[in-house]
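*Asks:* This structure is in C-alpha cells; I'll ask about it shortly.
The values are calculated or read from the model by the stated rules, or taken from the named source; none is laboratory data. Source: prediction; values computed, not measured. For neighbour counting, all protein chains shown are included, and Cβ atoms are generated from backbone atoms with ideal geometry for every residue, glycine included. We work out accessible area using only protein heavy atoms, side chains counted, and drop any ligands, DNA or RNA first. Shrake-Rupley method; radii C 1.70, N 1.55, O 1.52, S 1.80 Å.
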Amino acid sequence: MRQSRLWVEPFNPRSIGANLLAGLTVAIVALPLALGFGIASGLGASAGIISAVIAGLIAAAFGGSRFQVSGPTGAMTAVLIPIVHQYGIEATYAVGFIAGIFLVLAAMARVGKYIHRLPDSLVEGLTAGIALVIALQQVAFVFGVETISEERIWLSAWRELQLWLAKPTATALVVGGSVIAVNLIGSRFFPRLPLALLSVVVATAATWALGLKIDLIGELPKFDLTPSLGFLASQEVLLLLAPAFSVALLAALESLLSAKIADRMRADGSSHIPSRELFGQGLANLVTPLFGGVPATAALARTAVNVRSGATNPLAAIFHALILAAFVLVLAQWVSMIPLAALGGVLVATAWKMVHLESLKALFKKSTADAAILTVTMLTAVLVDLIAAVIVGIVLTLVLRKRSG
C-alpha cells in the first residue's frame, strides 16, 4: 500500500503537466552539473550525461521516493577522483557495478533504516570535506592551467596554482570568477532562476563572441547504446571491493538523506521507502556502467529543485532524464563550446553552497566529541581521500560513543 503512494494519478493530465514542467526545470539545472561532475571525476563529460540520463531514469522508476532526482553528484565525484587515479577508468566502471550489487543486497537486508542513525557531525564533516575536494579539483580549470594528476588532490591543486603563479593569465580566471560570483551573489536575489545554466550560457556566448583563447569541453563522443561488461574482464575484483563498498555506502547515505529532506520539504505526510530507494539506486548503478556512465546517487540540490517546482510523483525525475538526453542530442555542437573555466566556476559555487556554516558552528558548540568527529572526518577527506574519511569517521564515532556511554 505504501508503494502505491509513490505514483499519484500518473495518468491525470494535470499531474502529467505539472511533472513535465518540474522535469524541465530540473533538467536545465542538471545539464551543467552533469557535464562538470563527469569531467571532474576523470571519466569525461559524456560519462556525466550518460549517468544523469540512465541512472536518473532507472532510480526514479524503481526507487522509493516520489521526488528523488539521481545522477552524478559532488560527493560521488570526490570519491571517484582517487579511484580513477589509482585503478583507472575501466576499473572505476567495475567499482560502480560492484557498488550496485552491494546496494541491492543492502535493500534486500533492509539496512536503510540504520543509515539515518549516523551522527550529524559525521555527515557534516563528510559534506564539508567533499566540498573542499570539489573546489580544489577546479583549480586547473578556473586558473586556466594544465591539469596535474597527483595521488592527493590538495597536492595537485597546489602544483596547478604554482603553474599559474609562474605564468599568470587572466582569461580563464575572469570567466571562472564571474560564473562563481553570478551563482553565489545572484542566488541571494534570484533564488528561482537557473543561474548555473544561465551563467554557463553567457560565458560560452562571450567566449565565442570575443574570440577568447580558453580551453573548451570539446566535441562530445557519440553515445554507444550497446551495453557491455567488458570493463570486468581484466579486473582483480577483490582489490575493488573496498572502494566499491565506500561508493555504495556514500550512495546509500546521500540518497536516503536526500529522500528524507525531500519528504520534509513537502510537509504533506510524504514518506519514502528506504529499502526500495536502495534497490533503485543499486539497479541504477548496475546498469549505468554498462554504457560508460559515472556511478550515481541521489542529488540533493536537484531533488530540492524538483520539489520546489511542483513535482508530485516520479514522473518528474523521469521527464528530467529524457529532456537531458534530448538537450545533448540536439545541442551537442553548442555544448562542445562551453569553457572549462565556466564549468569549474559552477562547481566551486556548488561546493560553497554544500557547506552549512551554521550547522558546523552548532556542532562545534554541542560537544567535544562532535567537534572531533567533524574535524577529523573533514581533514581525512581532504588530506587522504573520501574512502578513508568514511572509515575513519565511523570508527571514531563508535569509539567516542562507547567512551561516553
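*Asks:* Report yes if Ile50 is open to solvent by 10 Å² or more (accessible area, probe 1.4 Å), in a helix (DSSP H, G or I), at pLDDT below 95 and over 25 Å from Met378 (Cα atoms), otherwise no.
*Replies:* Answer is yes for this residue.
*Asks:* Moving on. Just the residues that are open to solvent by 90 Å² or more (accessible area, probe 1.4 Å) and in a helix (DSSP H, G or I), please, taken from segment 183-208.
*Replies:* Correct list: Ile185, Arg188, Phe189, Val202, Trp208.
*Asks:* Considering only residues that are of a type in the set (D, E, K, R) and surrounded by 14 or more Cβ atoms within 10 Å (Cβ to Cβ), which ones fall in segment 151-167?
*Replies:* Answer for segment 151-167, where residues must be of a type in the set (D, E, K, R) and surrounded by 14 or more Cβ atoms within 10 Å (Cβ to Cβ): Arg152, Arg159, Glu160.
*Asks:* Looking at segment 356-368, is at least one residue within 17 Å of Leu250 (Cβ to Cβ), of a type in the set (A, V, I, L, M, F, W, C) and open to solvent by 30 Å² or more (accessible area, probe 1.4 Å)?
*Replies:* no
*Asks:* I've got another one for you. Could you please find all residues in segment 274-330 being buried (at least 24 other Cβ atoms within 10 Å of the Cβ), within 22 Å of Gly44 (Cα to Cα) and β-branched (Val, Ile, Thr)?
*Replies:* Hits for segment 274-330 are Thr288, Val294, Thr297.
*Asks:* Specify the residue that is farthest from Gln86 (Cα to Cα); the eligible residues are those in segment 351-405 that are more than 22 Å from the chain's Cα centre (by Cα) and in a loop (DSSP other than H, G, I, E, B).
*Replies:* Gly405
*Asks:* Which one of Glu219, Glu254 is touching a Ser or Thr at 6+ places or on another chain (Cβ under 7 Å), open to solvent by 90 Å² or more (accessible area, probe 1.4 Å) and closer than 21 Å to Leu35 by Cα?
*Replies:* On inspection, the qualifying residue turns out to be Glu219.
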